[in-house]
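Worksheet: one structure, shown below.
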Amino acid sequence: MKFASRVEKIPPYLFVEISRKIAAKRAEGIEVIDFGIGDPDLATPESVIDALKIAAVNVPNHRYPETEGMPDFRRAVANWYHRRFGITVDADSEVISLIGAKEGIGHAALCFIEPGDIALVPDPGYPVYSVGTWFAGGECHWMPLLEENGWLPDLDSIPIEVARRAKVMWLNYPNNPTGAIADLGYFEKVVEFAKKFEIAVMHDACYTDVVYDGYRHPSFLETPGALDVGVEFHSLSKTYNMTGWRIGMAVGNADMIRALLIVKSNLDSGVPQAIQKMGIEALNTTDDWIDERNAIYKRRRDKVLKALKSIGLHVDPPKASLYIWARIPEGYTSASLTEKLLEEGNIVVTPGSGYGQYGEGYIRLSLTIADDLLEKGLEQMAGLRI
Ligand SMILES: *Cc1c(COP(=O)(O)O)cnc(C)c1O
């Protein structure tokens, strides 16, 4: 049989390859400590699990959901937006449920990209922006995220002819993998650029509520004019330790939401209603719960920074996200340092180059690792000569 090029030519999903290496070590009986994947180790809030228990035995929830999401879920999203960002969105036309943000991000490309079209994609970046573009037959124009630009794409350096051809721009703040943040001033420039070149802006805001030291990250939709040009993708995965339950939402421009509904309703049948009930409960989680959870990550962040410093890697503490993005010392590549940490320290980090060519020179460490393992892993790291 002959497979489509989209199956054959896509490089293996970054974590697949790393998982293979870990499995080989573990098969040898070696304990490997994994700072690789961003997948919260902590529990979903109890009240959210209770909501599932009740919803699970309610027979109407055993039936097909609506692709756009239950009205109650969409209203909960709109209320959360109002409470959290002070902005009003219409629950009927400007909100859609997603089977996790990843699903929505992948499908969103099908709403805009025809063969040969261009998507503006951050590099380094979450791989689904580019893969979704390729699956739709499009091409990526990489927007380098550089330290000297605060890890924000330099819009002025995008060639005019590329901007004219581009259909969408992907952004992600707080950022994975760099941990960077964006402010409303930057988002204003994005809106201006998008209007000038008629580009749809897709802002992946999965880490909005994983923040430190009292920092609050704005929504792209707070920017004047943002609702004319963009949507924002949210995930309950990272905010409420719900990666396994698969629920998120897209919020923003009504035409873009309608297009996403057309694609999705032909490919999936929405989020199981019992999971949407969990989502409603989750969106009502108290700020105290979030603050306490973030305090756990902050403690881990500071431990990781200290351990990195002890082996000569200096990193500014990120204000948000689950990641430490560390510049590697001279004499290494991302891959060779990752290899050394695994071979000699039995710890897994992600090579920055896995997120794109501009990720070369960095490694990423995730904070989603139980405290005892984290301590152990950091001890193993501190014992290495780098
Ligand atoms: C984890 C992650 C997602 C995926 O979120 P889900 O809702 O679990 O699909 C999307 N974007 C980024 C940047 C992520 O890190």
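The values are calculated or read from the model by the stated rules, or taken from the named source; none is laboratory data. On a predicted model such as this, the values are computed, not experimentally measured, just so you know. Backbone-built Cβ (ideal geometry, glycine too); neighbour counts: all protein chains shown. SASA here: full protein model, heavy atoms, side chains in, ligands and nucleic acids out. Shrake-Rupley method; radii C 1.70, N 1.55, O 1.52, S 1.80 Å.
Of all the residues that make up region 335-353, how many are over 14 Å from residue 35 (Cβ atoms) and either assigned by TED's automatic domain parsing to the domain that holds residue 207 or among the small types (Gly, Ala, Ser) (or both)? Residues that pass the stated criteria total 3.
Of the candidates 301, 293, the single residue that is more than 23 Å from residue 125 (Cα to Cα), under 23 Å from the mean Cα position of the chain (by Cα), surrounded by 13 or more Cβ atoms within 10 Å (Cβ to Cβ) and not assigned by TED's automatic domain parsing to the domain that holds residue 181 is 293.
In this structure, is residue 189 surrounded by fewer than 24 Cβ atoms within 10 Å (Cβ to Cβ) and part of a helix (DSSP H, G or I)?
Yes.
Could you tell me whether any residue of region 318-338 is on the phi < 0 side of the Ramachandran plot, part of a helix (DSSP H, G or I) and open to solvent by 60 Å² or more (accessible area, probe 1.4 Å)?
No, region 318-338 contains no residue that is on the phi < 0 side of the Ramachandran plot, part of a helix (DSSP H, G or I) and open to solvent by 60 Å² or more (accessible area, probe 1.4 Å).
Looking at 89, 121, 95, 131, can you tell me which residue is over 25 Å from residue 151 (Cβ atoms) and within 16 Å of the ligand (Cβ to nearest atom)? It would help to see each step written out before you state the result.
On the way: 89 fails: within 16 Å of the ligand (Cβ to nearest atom); 121 fails: over 25 Å from residue 151 (Cβ atoms); 131 fails: over 25 Å from residue 151 (Cβ atoms).
The unique qualifying residue is 95.
Listed by first and then second residue, the pairs linking a residue in region 156-179 that is in the same structural domain as residue 131 (by TED's automatic domain parsing) and within 16 Å of the ligand (Cβ to nearest atom) to a residue that is in a helix (DSSP H, G or I) and of a type in the set (Phe, Trp, Tyr), with Cβ atoms under 7 Å apart and 6 or more places separating them unless they lie on different chains, are 168/112; 170/129; 177/355. If only residues of region 340-361 that are of a type outside the set (Asp, Glu) and part of a loop (DSSP other than H, G, I, E, B) are counted, the one that is most open to solvent (accessible area, probe 1.4 Å) is 346. Every condition in (1) outside any loop (DSSP other than H, G, I, E, B); (2) surrounded by 12 or more Cβ atoms within 10 Å (Cβ to Cβ) holds for residue 23 except the one numbered (2). For beta carbons closer than 6 Å, sequence separation of 6+ or different chains, a first residue in region 89-109 that is farther than 15 Å from residue 204 by Cβ and in contact (Cβ under 8 Å) with a residue 12 or more places away in the chain and a second that is open to solvent by less than 30 Å² (accessible area, probe 1.4 Å) and aromatic (Phe, Trp, Tyr), the qualifying pairs are 89/81; 97/73. Of note, residue 124 satisfies the criterion of being open to solvent by less than 10 Å² (accessible area, probe 1.4 Å) and not assigned by TED's automatic domain parsing to the domain that holds residue 366. The residue of region 192-220 that is surrounded by the most Cβ atoms within 10 Å (Cβ to Cβ), among those that are part of a helix (DSSP H, G or I) and away from the ligand (no atom under 16 Å from the Cβ), is 194.
Kindly indicate whether any position in region 31-50 is of a type in the set (A, V, I, L, M, F, W, C), farther than 27 Å from residue 249 by Cβ and touching a helix residue (DSSP H, G or I) at 6+ places or on another chain (Cβ under 6 Å). Before you say what the answer is, go through the steps one by one.
Start the filter on region 31-50 by keeping residues that are of a type in the set (A, V, I, L, M, F, W, C), which leaves 32-33, 35, 37, 42-43, 48-49.
This time we only want the ones that are farther than 27 Å from residue 249 by Cβ, so: 32-33, 35.
Imposing the further condition that a residue be touching a helix residue (DSSP H, G or I) at 6+ places or on another chain (Cβ under 6 Å) reduces the set to 32-33.
Looking for residues that are of a type in the set (A, V, I, L, M, F, W, C), farther than 27 Å from residue 249 by Cβ and touching a helix residue (DSSP H, G or I) at 6+ places or on another chain (Cβ under 6 Å), one finds at least one in region 31-50, hence yes.
Scoring residue 131 on the criteria (1) in a strand (DSSP E or B); (2) surrounded by fewer than 22 Cβ atoms within 10 Å (Cβ to Cβ); (3) not charged (D, E, K, R) leaves a single failure, condition (1). Take region 221-248 and flag every residue that is within 9 Å of the ligand (Cβ to nearest atom), surrounded by 22 or more Cβ atoms within 10 Å (Cβ to Cβ) and either charged (D, E, K, R) or assigned to a strand (DSSP E or B) (or both). Across region 221-248, the qualifying residues are 233, 234, 235, 238, 248. Number of residues in region 63-102 that are open to solvent by 30 Å² or more (accessible area, probe 1.4 Å) and part of a helix (DSSP H, G or I) equals 8.
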